[in-house]
Amino acid sequence: MTRERDRHPGRRALLGAAALGTGAAALGGTGAAAAAEPAGRGHGLPVPAVIGHRGASGYRPEHTLGSYQLALDLGADVVEQDLVPTRDGHLVCRHENDITATTDVAAHPEFAARKTTKTVDGTALTGWFTEDFTLAELKTLRAKERIPGTRQRNTLYDGRWEVPTFEEVLVWAERQGRRRGRPVWLHVETKHPTYFRGLGLGLEERLAGLLRAHGRHRAGSPVFLQSFEPSSIQRLGGLVGCPKVVLLPAAGRPWDFTVAGDPRTVADLVTPRGLAWIAGFAQGVGPDLSLVIPRDAAGRLGTPTTLVRDAHAAGLVLHPYTARNENTFLPADFRRGTDPAAYGDALGAFRTYFEQGVDGIFSDNPDTALLARADFLGARAAG
Ligand code: G3P
Ligand code: CA
């Protein structure tokens with residue numbers, strides 16, 4: 001089984017308006033769904049919260065308004081955006097600045113000469129990059145499915161949506177919030193922040209400015225901020241009060257640590273000492289799922305680590321990533337059949353992660369996560 005070809009290695013009470021009554025309840029889940037939890041654990045959200053990863057990217061091309069809308073309609077508690085800048089400094093929603101795999105840029109002859117090779121966070125990449133396009137130019141492109149071999153059905157929507165700006169998402173969220181009578185939570189990631197700062201395109205000030213302009217900059221605002229680079233979270237901490245989450249890849253060293261000569265690795269950050277350091281400037285961690293339950297050599301789930309307990313002891317919430325339906329992404333013990341693109345026992349796998357005590361989970365399939373949460377909460381309530 002293969003993993004998605006991604007390109008990185010990788011409690012404080014806020015009492016925001018509760019988003020209860022959504023999620024699994026809306027999908028016909030058990031009455032135990034969307035449980036009210038101590039406010040500090042959930043930031044006013046159900047615990048565990050379901051975070052629509054790049055929207056509902058299991059069903060729509062990622063980071064499009066169509067993907068975000070479906071995530072919300074399915075009942076996701078939170079909708080995720082990854083941010084990169086354009087040449088003229090606008091923040092747009094893409095998982096990486098290389099837009100070769102997720103847009104139709106290669107089919108635009110007027111941009112053929114923009115194809116280039118760059119080194120981003122130490123990795124040489126060849127393609128087209130957002131920082132070489134103005135927003136007006138980028139808006140002539142259309143989004144497409146990243147992994148059509150696995151998610152062929154999603155190609156139905158290739159070409160349907162533009163690359164959204166983060167400002168458009170803020171406007172969309174406000175409109176959806178008014179319609180639903182509750183705030184729409186966002187989970188916003190700065191991508192390659194050290195790299196972009198080196199280009200004079202610092203992300204954090206631009207992001208903070210947009211949040212401030214839309215009244216989402218306070219500790220009680222319905223926004224989580226996240227980054228794989230702790231220094232980006234620290235910088236954001238000096239700009240806005242929103243709760244912040246340090247992302248932890250399965251292994252390796254944050255790129256800003258590498259640049260600064262800080263020898264610490266992820267293995268250091270998941271220790272009680274490392275978590276206490278994170279708790280000095282963030283409210284949560286977003287670990288790769290394998291840091292919660294490692295997989296053995298055969299790809300089966302092994303013995304859970306102490307990360308959930310240790311992070312909670314440090315006062316941090318946990319939002320691990322990424323739960324997905326397809327066999328290719330599932331632990332071996334939850335796969336069904338041999339087709340990598342077929343769905344396995346995702347409900348069972350997601351529920352197993354919930355049973356570890358995580359506070360939320362990023363999922364490409366928010367409907368599956370909501371049903372798994374209902375199963376988990378129902379069983380817990382039944383004792
Ligand atoms: O941000 C949580 C999760 O999305 C991190 O992984 O690579 O999908 O941004 P990635
Ligand atoms: Ca992300």
**Message:** With N set to the number of residues, divide the alpha-carbon radius of gyration of the range 181-304 by 2.2 N^0.38 Å and report two decimals.
**Reply:** 1.15
**Fill in**
Gyration tensor on Cα atoms of the range 229-371, a ≥ b ≥ c root eigenvalues, a/c under 1.5 rounded, else prolate if a/b beats b/c, else oblate, says prolate
**Surface per residue (accessible, 1.4 Å probe) for the chain, Å²** = 38
**Item:** For the chain: rounded, prolate or oblate by the Cα gyration tensor [a/c cutoff 1.5]
**Value:** rounded
**Violating pairs (Cα-Cα greater than 22 angstrom) within the set Lys115/Lys139; Lys144/Lys191; Lys115/Lys144** = none
**Request:** May I ask for the net charge around Gln226, where only other residues with Cβ less than 12 Å from the Cβ of Gln226 are counted and Lys, Arg are +1 while Asp, Glu are -1?
**Result:** -2
**Fill in**
Here the tail fraction of P(r) beyond 17 Å, over all Cα-Cα pairs of the range 100-216, rounds in percent to 67
**Asked** So, with a 1.4 angstrom probe, what is the percent of accessible area on the range 232-347 that is carbon and sulfur?
**Response** 55
**Prompt:** Using a basic spin-label model with each label point 7 Å from the Cα along Cα→Cβ, how many nm lie between Thr117 and Arg380?
**Reply:** 5.1
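The values are calculated or read from the model by the stated rules, or taken from the named source; none is laboratory data. Because the structure is a prediction, the values reported are computed rather than measured. Cβ: placed from backbone, ideal geometry, glycine included. Neighbour counts: every protein chain shown. Remember, those area values only see protein heavy atoms, side chains included, never the ligands or the DNA or RNA. Shrake-Rupley method; radii C 1.70, N 1.55, O 1.52, S 1.80 Å.
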